[in-house]
Amino acid sequence: MHISRVSTILTCPDRNYLIVRVEADTGVVGYGDATLNGRERPVQVLVEEHLAGWLEGHEAERIEDIWQMLFRHTYFRGGPVMLSALAGIDMALWDIKGKAHDAPVYDLLGGRCRDRVLAYLHVHGRNDEELIARSRARMDYGCRVLRYSFETPDPRNPDTVYRQPHQDIATKERVEVTGDLRHAPAVWDSEVYMRDLIRVTHLLRDELGEDVGLIHDAHERLSVAEARQVARELEPYHLFFLEDPLEPLGVGALREVRAASATPLAMGELYNTVADTLPVLQERWIDYLRLDVTHFGGISPARRAATLADAYGVRTAFHGPSDISPLAHAANLHLDLAVPNFGIQEFVEHDARVFSVFDWKIDMSDGYINVPARPGLGVDVDEDAAARHPYTPGYLPALRDAMGAVHDW
Ligand code: KDG
Ligand code: MG
């Protein structure tokens, strides 16, 4: 079975998704996710105008060989654009292999280590009452672990509200991803946010009790001193984990956050290669590795990194926002079933319109996801429906502090 054609589909049923389509000479078609939020077109051009030419004629089942060829022969390697392109190709090849052998991808990865997948959902509140009510609704639905975010009015100026913009990206609750963001207004104050984070966490524990796991994503916004303080002050509330206290390049400083507190730490959604994960694993600075299968080159390298993490006692918590497509979520779930050191799966529901393009239905009960035994990744793509939803250019959010300086969002 040889690769006969590689192409892409860029579609926007609700938000933009870049799908890589690989066709084999036997007629089997595989799909993979290559969506890089805000930079979908550069990935598309890379796949279509460069990588496709390397692939046509290759044996479709030699997935690792193809991955190595594309990663290493391009010589100037790495980066999110290249690794997203590679991910789309890698996932599509696993999908083809599964379909050709009538086997789910998790079976090709060695088979299931577990029967179902513990997942956490997001909960966002514009005020305390809403946050608590929505958390309770999630718990009534069976959720065992919640990732919470909130909005904080500036105590000195109630007209200014500090929001955590990654929440808008994840849920599209209040999205402002288009327009000119170069001169975004000042909307961030870490001190006010930190104070409210401790208050809100206390409130949630008080109202929801000890039986629900709590996760908070600081989204790389804190300084080292702030991260140390937050991790320590959150200790009494026994978080499931605190995510991304620091930006990834400042990784050495995680040592200090680790030393300051027993709050479990998670990191990794901005990593692109196995080598990126080495310091945090070797030094045991994190408890959960949050790779994004779509920005990390796909299932093959994510599997390799999970194996490495296992050797250091670190569990997986693969990134699962709604800005990657159901194909990527399916890839996550196949890995979740197959890796021994699975920890938890982030799961952000897609808008219903997304399922007009991706034929996928999630089966969640009692806080766990049941993965259907469908061949390949188990997600079909309706290409005609995709064509009816053309690409809509958009930007990621921007954040500035009170002095007008750019701040990590
Ligand atoms: O595109 C950016 C999002 O994927 C990111 O902000 C979501 O941090 C995120 C998370 O943990 O889901
Ligand atoms: Mg995150």
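The values are calculated or read from the model by the stated rules, or taken from the named source; none is laboratory data. All values derive from a computational prediction rather than experimental measurement. Backbone-built Cβ (ideal geometry, glycine too); neighbour counts: all protein chains shown. Surface areas here come from the heavy atoms of the whole protein model, side chains and all, with no ligands, DNA or RNA. Shrake-Rupley method; radii C 1.70, N 1.55, O 1.52, S 1.80 Å.
Table: residues versus (1) among the aliphatic types (A, V, I, L, M); (2) in the same structural domain as Thr8 (by TED's automatic domain parsing); (3) assigned to a helix (DSSP H, G or I); (4) within 16 Å of ligand 1 (Cβ to nearest atom).
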{"position": "Glu349", "(1), (2), (3), (4)": "no, no, no, yes"}
{"position": "Arg353", "(1), (2), (3), (4)": "no, no, yes, no"}
{"position": "Lys361", "(1), (2), (3), (4)": "no, no, no, no"}
{"position": "Met364", "(1), (2), (3), (4)": "yes, no, no, no"}
{"position": "Arg374", "(1), (2), (3), (4)": "no, no, no, no"}
{"position": "Gly378", "(1), (2), (3), (4)": "no, no, no, no"}
{"position": "Ala385", "(1), (2), (3), (4)": "yes, no, yes, no"}
{"position": "Tyr391", "(1), (2), (3), (4)": "no, no, no, no"}
Checklist entry - Of these, Val274, Val251, Val280, which one is more than 22 Å from Pro165 (Cβ to Cβ), aliphatic (A, V, I, L, M) and open to solvent by less than 10 Å² (accessible area, probe 1.4 Å)? => result Val280
Item to check | Selection count, segment 1-52, where residues are assigned to a strand (DSSP E or B), touching a Ser or Thr at 6+ places or on another chain (Cβ under 8 Å) and under 16 Å from Trp360 (Cβ atoms) | outcome: 3
Next on the checklist: Contact list please: Cβ distance under 8 Å, first residue in segment 316-339 and farther than 17 Å from Phe355 by Cα and of a type in the set (Val, Ile, Thr), second residue away from ligand 2 (no atom under 16 Å from the Cβ) and assigned to a strand (DSSP E or B), pairs at least six apart or on different chains.
Outcome noted: Thr316/Phe342
Next on the checklist: I'd like to check something: does segment 303-316 contain any residue that is under 22 Å from Thr11 (Cβ atoms), away from ligand 2 (no atom under 16 Å from the Cβ) and buried (at least 23 other Cβ atoms within 10 Å of the Cβ)?
Outcome noted: no
Checklist entry - Counting only residues that are modelled with pLDDT of 95 or more and within 14 Å of ligand 1 (Cβ to nearest atom), which one in segment 246-269 is farthest from Pro301 (Cα to Cα)? => result Leu265
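When you scan segment 248-272, how many residues do you find that are of a type outside the set (A, V, I, L, M, F, W, C) and farther than 20 Å from Glu346 by Cα?
Kept after step one, since they are of a type outside the set (A, V, I, L, M, F, W, C), are these residues of segment 248-272: 248, 250, 252, 255-256, 258, 261, 263-264, 268-269, 271-272.
Still in the list and also farther than 20 Å from Glu346 by Cα: 250, 252, 255-256, 258, 261.
Residues meeting the conditions: 6.
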Item to check | Condition broken by Trp285, with the remaining ones in (1) farther than 20 Å from Met69 by Cβ; (2) assigned to a helix (DSSP H, G or I) satisfied | outcome: (2)
